[in-house]
C-alpha cells in the first residue's frame with residue numbers, strides 16, 4: 001500500500017508541475033515546489049537507484065541556458081521552438097552548433113532538422129527500377145560482314161533504355177543518347193555523310209567515329225543507355241581527338257569500316273526510324289580492365305558474363321558486353337533520381353557553376369559527383385574536379401588531393417577515372433595519409449593552394465570527404481567559406497538530417513543548398529570495402545598504360561580496336577617489370593608523419609610505396625654528393641606552393657654500391673625526367689603495399705618480396721593503428737545490467 005500511495009502522490013504532483021510554465025527545452029523541467037520535493041524524496045527512499053542517479057549527475061547531459069534556445073527564423077530553414085538535445089552531447093559542442101545557425105538571408109532549400117517531422121527532407125522521386133525497355137529486333141539492330149563479334153548498330157526510340165554490364169564503346173550516329181548524366185550527341189551532318197553515294201567519303205566518316213568507353217563491372221551497379229531528345233551541347237569531336245591519329249585516305253579503309261557503313265545505311269534510311277537515335281556499339285574489352293580480377297578471387301568474372309543468362313543483342317555477341325534484356329533479371333541498376341537533373345541548370349549562368357557534393361560515408365556522394373561532372377561536361381565541354389578525399393579518390397592516386405581537368409565523361413569505376421599523371425591544367429599534392437585527420441593544417445593548406453591555381457573560367461565539381469562531424473565539419477566549413485560554391489548538395493541517409501548545409505549557408509550566403517536522400521541501394525549490390533577500393537586504386541595506377549583511360553578510340557586504331565589502357569598481366573606487375581634506375585645523388589628522401597633518424601631513412605623507404613614529387617624549395621635542391629641522397633631531417637612536408645606529385649611508385653631495391661634506387665612505376669623514365677622529379681616521399685599508415693600489388697593472387701607465395709609474418713613480435717615492433725569504427729557498448733544500446 002505504501003508503494004501504491006507513493007505512485008499516486010507522484011502522479012498528483014506531476015499534474016501540478018504540468019500546470020507550471022515549462023522551459024523551452026523539453027528535458028529541462030520547471031523548478032519543483034516544496035511538496036514535489038517531499039514527494040520526490042520518498043521516491044528516492046523507495047528506489048535506491050534513483051537516489052544514485054540524483055547524487056551523480058552526468059556532466060555530458062548539461063543543458064545550455066534558455067536564451068540559446070530561442071527560435072530562429074531564416075529563409076528556407078525551419079528551426080522549431082524546442083529542439084531536443086541528442087543523447088550524451090557535450091554542452092560546449094552544442095553551444096557551438098547553436099551559435100552557428102544560418103542568418104535570415106541564407107538560401108537553403110530542403111534543409112532537414114532531426115527534431116521536426118515536417119522539416120525532414122522527403123526522399124526524392126526516383127526513376128522506377130527497370131532492366132530494359134528496349135526490345136531488340138531485326139529492324140532495330142544490325143550487323144554485317146566483318147562486324148560480327150565486334151560492332152553492331154542500334155536504333156532506339158525516344159525514352160527507350162538499355163541496361164548493360166561490361167565494357168562497350170558508344171558512338172552516336174544520329175540523335176542523342178545518355179549514360180550516367182552525360183549526353184552523347186551526333187553532329188547533324190554525320191548521318192547525311194554516311195548516306196551519301198560516295199563510299200569513300202562515308203568510309204572516312206566511319207573511320208573517324210570516336211567510341212567512348214563505358215565500364216560497368218560486376219562489383220558495381222549496371223549502367224543504362226537511354227535515348228533522349230537532341231540536346232544542344234558544346235561537346236564535339238574536335239574537343240576529343242585521339243593521340244597519334246590521322247585522317248585515313250580511301251585506300252586505308254578496312255573491311256570493318258566498310259561493313260559499318262553497310263550496317264548503318266538501312267537504319268538511317270528507314271522512315272519509321274526517322275526520329276530514333278541511332279548509335280554504334282563496339283566491343284571495348286581490349287582496354288584490359290577485366291585483368292584486375294586476377295588479383296581478387298571474388299572478381300574473376302569481372303564483367304559478370306558467367307552469371308548472365310544471355311549476352312547477345314539481337315543475335316550479336318560483343319565480347320565483354322552483357323545487355324540486360326530479361327525483365328525478371330535482378331541485376332542492380334544505377335538509379336538516377338529526377339531531381340539530380342535540376343542541380344545543374346542547362347542555360348547560361350551569370351557565374352561559372354561550382355558544385356560541392358558532401359555527405360557521410362557510404363552515402364553515394366562520389367556517384368552523385370560523377371553524375372554532376374558528366375552533366376557539366378555535356379554543357380561546357382570541359383570541367384575541373386577538386387578531389388578532397390585522400391582515402392577513396394576518384395581521379396588521383398590514394399593519399400593525394402588534386403585538381404584535375406576533365407575532358408571525357410566519367411562512366412567507369414573509380415580506378416578507371418584516374419589519370420596516369422597530372423596533365424595540363426591539373427595538379428596533385430601528396431598528403432601521405434588516407435585521412436585528413438593525420439595533418440589537418442597541411443590538408444587545408446593543400447586545398448587552398450589548389451583553389452588558388454585553378455582556372456576560374458571552367459566549372460568545378462568538389463568531391464568532399466565523408467568526415468562530417470567535429471574537426472571534419474570545421475575543415476569543410478572553412479573550405480566552403482574560401483570557395484563559396486554556387487550549389488552545395490548534401491546526401492543524407494534515409495531518416496537522417498543535414499549536418500553540414502546549415503553551417504555552409506552561414507558562411508556563404510550566395511550558395512544555393514540542397515538536401516537529398518540517398519537512393520536506396522539496389523538489392524544484391526555488393527560494394528567493395530574501403531581497403532579493397534584503395535587496393536584497386538593502387539593496382540589501376542601501377543598497371544595503367546594510357547594517360548586518360550576513358551579517352552575515346554577509333555576503329556582505325558590497331559586492327560579496328562583501340563590501344564589497351566591497362567595491362568594487369570603478371571609480367572607487367574611491379575615484381576616482374578624492369579625497374580627504373582634512379583641515381584641517389586639526384587634525389588632527396590622525405591618521410592612524413594613519423595620521426596625517423598636520418599641514418600635509417602634509406603631503409604625506411606625500402607620496399608614501400610612512395611610518391612614521386614617535384615619540390616622547388618632550397619632544401620630539395622641541395623645534394624649530399626655522390627655518396628647518397630639528401631635526407632630531410634624532419635617529417636614536415638614541403639610547402640604546397642613548392643611541391644607537386646607526379647605519381648606513385650614502389651622502391652624495389654636499393655643498390656648502395658652503385659648508388660642507385662630501383663623504382664617500379666607506371667611512368668617512363670622520359671616522363672619522370674620531363675616532370676623533373678627530384679624527391680621521393682614516404683607516407684604514413686594506410687599507404688602500405690598490399691600483397692595483391694606484387695602478384696596475381698597467391699600463385700607464387702614463396703617468391704613474394706618483402707612479405708613476412710613474424711616481424712611484429714614484441715612491444716613497439718610496429719606503429720599502433722587506432723580504429724574509430726568501433727563503438728562503445730553504451731553507444732550500441734547495451735546497458736550496464738546487460739553487460
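On the basis of being over 25 Å from residue 469 (Cβ atoms), surrounded by fewer than 24 Cβ atoms within 10 Å (Cβ to Cβ) and either more than 11 Å from the chain's Cα centre (by Cα) or without any contact (Cβ under 8 Å) to a residue 12 or more places away in the chain (or both), does residue 430 make the cut? Let's see the steps before the verdict.
Details: over 25 Å from residue 469 (Cβ atoms): yes; surrounded by fewer than 24 Cβ atoms within 10 Å (Cβ to Cβ): no; either more than 11 Å from the chain's Cα centre (by Cα) or without any contact (Cβ under 8 Å) to a residue 12 or more places away in the chain (or both): yes.
Judged against the criteria, residue 430 is not a match.
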### Message
Quick check on my filter: what residues within segment 418-427 are touching a strand residue (DSSP E or B) at 6+ places or on another chain (Cβ under 6 Å) and either free of Cβ contacts under 8 Å to residues at least 60 places away in the same chain or outside the structural domain of residue 491 (by TED's automatic domain parsing) (or both)?
### Response
425, 426
#### Entry: Lone unmet requirement of (1) in contact (Cβ under 8 Å) with a residue 60 or more places away in the chain; (2) part of a loop (DSSP other than H, G, I, E, B); (3) within 15 Å of residue 294 (Cβ to Cβ) for residue 550
(3)
### Summary
Within segment 186-210, restricting to residues that are within 34 Å of the chain's Cα centre (by Cα) and surrounded by fewer than 24 Cβ atoms within 10 Å (Cβ to Cβ), the one that is farthest from residue 339 (Cα to Cα) is 208
### Query
If you scan segment 659-680, which residues turn out to be on the phi < 0 side of the Ramachandran plot and assigned to a loop (DSSP other than H, G, I, E, B)?
665, 666, 667, 668, 677, 678
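Using the structure shown, decide if residue 369 is farther than 24 Å from residue 288 by Cβ, crowded, with 22+ Cβ neighbours inside 10 Å and touching a helix residue (DSSP H, G or I) at 6+ places or on another chain (Cβ under 7 Å).
Numbers: farther than 24 Å from residue 288 by Cβ: yes; crowded, with 22+ Cβ neighbours inside 10 Å: yes; touching a helix residue (DSSP H, G or I) at 6+ places or on another chain (Cβ under 7 Å): no.
For residue 369, the condition - farther than 24 Å from residue 288 by Cβ, crowded, with 22+ Cβ neighbours inside 10 Å and touching a helix residue (DSSP H, G or I) at 6+ places or on another chain (Cβ under 7 Å) - is not met.
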### Query
Taking the stated definitions as given, is residue 352 within 11 Å of the chain's Cα centre (by Cα) and either over 21 Å from residue 551 (Cβ atoms) or not in a strand (DSSP E or B) (or both)?
no
## Note on the structure
From the option list 152, 167, single residue qualifying as buried (at least 21 other Cβ atoms within 10 Å of the Cβ) and more than 24 Å from residue 369 (Cα to Cα) is 152
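Conditions (1) crowded, with 21+ Cβ neighbours inside 10 Å; (2) modelled with pLDDT under 90, marked per residue:
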{"site": "614", "(1), (2)": "no, no"}
{"site": "617", "(1), (2)": "no, yes"}
{"site": "639", "(1), (2)": "no, no"}
{"site": "646", "(1), (2)": "yes, no"}
{"site": "657", "(1), (2)": "no, yes"}
{"site": "668", "(1), (2)": "no, no"}
{"site": "674", "(1), (2)": "no, no"}
{"site": "700", "(1), (2)": "no, yes"}
### Query
Counting only residues that are surrounded by fewer than 17 Cβ atoms within 10 Å (Cβ to Cβ), assigned to a loop (DSSP other than H, G, I, E, B) and modelled with pLDDT of 70 or more, how many does segment 303-318 have?
2
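Does residue 401 count as buried (at least 24 other Cβ atoms within 10 Å of the Cβ), within 22 Å of residue 544 (Cα to Cα) and under 13 Å from the mean Cα position of the chain (by Cα)? Break it down stepwise before answering.
Values: buried (at least 24 other Cβ atoms within 10 Å of the Cβ): yes; within 22 Å of residue 544 (Cα to Cα): yes; under 13 Å from the mean Cα position of the chain (by Cα): yes.
It is true that residue 401 is buried (at least 24 other Cβ atoms within 10 Å of the Cβ), within 22 Å of residue 544 (Cα to Cα) and under 13 Å from the mean Cα position of the chain (by Cα).
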#### Entry: Residue, farthest from the chain's Cα centre (by Cα), within segment 566-587, restricted to residues that are surrounded by 15 or more Cβ atoms within 10 Å (Cβ to Cβ) and assigned to a strand (DSSP E or B)
582
### Message
Given (1) modelled with pLDDT under 80; (2) at negative phi; (3) not in a helix (DSSP H, G or I), identify the lone condition not met by residue 251.
### Response
(3)
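The values are calculated or read from the model by the stated rules, or taken from the named source; none is laboratory data. On a predicted model such as this, the values are computed, not experimentally measured, just so you know. A quick note on method: Cβ atoms are made from the backbone with ideal geometry, for glycine too, and the neighbour counts reach across all protein chains shown.
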